[in-house]
Amino acid sequence: NQCTQAEQNRLKHGVWDGCDKPVRGIGERPTYCGLDLGSTFDTTAFCAVTPDPADGSFDVRAMFWIPEDNAELRQKEKIPYSTWVKGGFVRLTEGDVCDYDVIRDYVLDFCEKNYVRGVAVDRWNAIHLMTQLSAEGVTVHPFGQGYGPMNAPTRLLEQLALSGKLRHAGNPVLSWQASNVQIKSNEEGLIKVHKKSSHDIGRIDGIVACIMAIALASGEIQGERVEPEIMVI
């Protein structure tokens, strides 16, 4: 119930397209991740950002999931999910809700293959998954979606895009979601991203995951390791 100012399109499509550059070799550089969980019609999005200290730029990698049973219905929305699935940008999970076990296994495999310093996870409906990841040795940071935690990393994402210091290799799902982003601010001038309405078919989950990852990378949140024995399920 906070007063908000006018909504704005801040992540301009042309600006985002200007960051369509090959991802550099990651090597041993630390990587920071964000995970935004969907259930039925939202996409589940995982985004990893790897800062390059040489020039302050960021390499961005992303993966998305949708439930297989409603994939055909999504296609009727005239969003090319089937094309994205064939291209390896979206993966299907069995059933009509997203299978979080599949997401967990992907994240664990990604962390095993990369030098991941932490994974920021949207708290909503994610306690069990956070517990599982932590039990496997992943440093998990619960992340709220309010103005406070979202403000600084959202502004940093905008600055990185405008300065051409993002490289996302033209990921079509992430680019589509960037074009759906609206920015709103509260009376204190803090900002966060959102889509036009809860009923809008445009998704922004990948951008939310990217912002959470940037928050970790920039040190904007100082979450503590989530220990399984103290998690309440």
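The values are calculated or read from the model by the stated rules, or taken from the named source; none is laboratory data. None of these values were measured; they are calculated from a predicted model. Here the Cβ is made from the backbone with ideal geometry for all residues, glycine too, and neighbour counts use every protein chain on show. Only protein heavy atoms, including side chains, enter the accessible area calculation; ligands, DNA and RNA are left aside. Shrake-Rupley method; radii C 1.70, N 1.55, O 1.52, S 1.80 Å.
Accessible surface of the chain, 1.4 Å probe: 49 percent of it comes from carbon and sulfur atoms.
Placing unit charges on each Cβ (+1 for Lys and Arg, -1 for Asp and Glu) gives the chain a dipole about its Cα centre, and among G18, P149, A45 the Cα reaching farthest toward its positive end belongs to G18.
Residue ranking by accessible heavy-atom surface, 1.4 Å probe, largest first, among E112, E136 comes out as E112, E136. Within the listed set R29, R91, R61, the Gaussian network model of the chain (springs between alpha-carbon atoms below 10 Å) gives the highest mean-square fluctuation for R29.
The GluC sites (Glu not before Pro) of segment 157-213 meeting both criteria, a DSSP state outside H, G, I, E and B (loop) and at most 14 other C-beta atoms within 10 angstrom of the site's C-beta, are E187, E188. Per-residue ellipticity at 222 nm from helix content only, as computed over the chain with -39500 (n - 2.57) for each DSSP H run of at least four residues, stands at -9500 deg cm²/dmol.
In this label model, D99 and S218 are separated by 3.7 nm, measuring between points 7 Å along each Cα→Cβ vector. Rounded to the nearest Hz, the phi-derived 3J(HN,Hα) couplings of segment 114-126 under the Karplus curve 6.51 cos²θ - 1.76 cosθ + 1.60 (θ = phi - 60°) are 10, 8, 8, 8, x, 10, 8, 10, 4, 4, 4, 6, 10, where x marks glycine and proline. Close amide H pairs (under 5 Å, H built 1.01 Å from N) link G170 with K21, residues at least 5 positions away or on another chain.
Close amide H partners of V193, meaning residues 5 or more places away or on another chain with modelled amide H under 5 Å apart, do not exist here.
About its Cα centre, the chain has a charge dipole of approximately 860 debye under the convention of +1 per Lys or Arg Cβ and -1 per Asp or Glu Cβ, with nothing else charged. State the label only: which of (1) -0.41, -0.87, -1.15; (2) -0.24, -0.95, -1.37; (3) -0.20, -0.88, -1.34 corresponds to log10 I(q)/I(0) by the Debye sum over Cα atoms at q = 0.07, 0.14, 0.17 Å⁻¹ computed from the shown model? Matching entry in (1) -0.41, -0.87, -1.15; (2) -0.24, -0.95, -1.37; (3) -0.20, -0.88, -1.34: (3). Annotation: per residue accessible area for the chain equals 47 Å², rounded to a whole number [probe 1.4 Å, protein chains only]. Proximity of backbone amide H atoms, modeled 1.01 Å from N, is registered between T31 and Y115, V116, R117 at under 5 Å, excluding neighbours fewer than 5 places apart on the same chain. The slack in the chain from S175 to E188, taken as 0.36 nm per residue of separation less the alpha-carbon distance, amounts to 1.7 nm.
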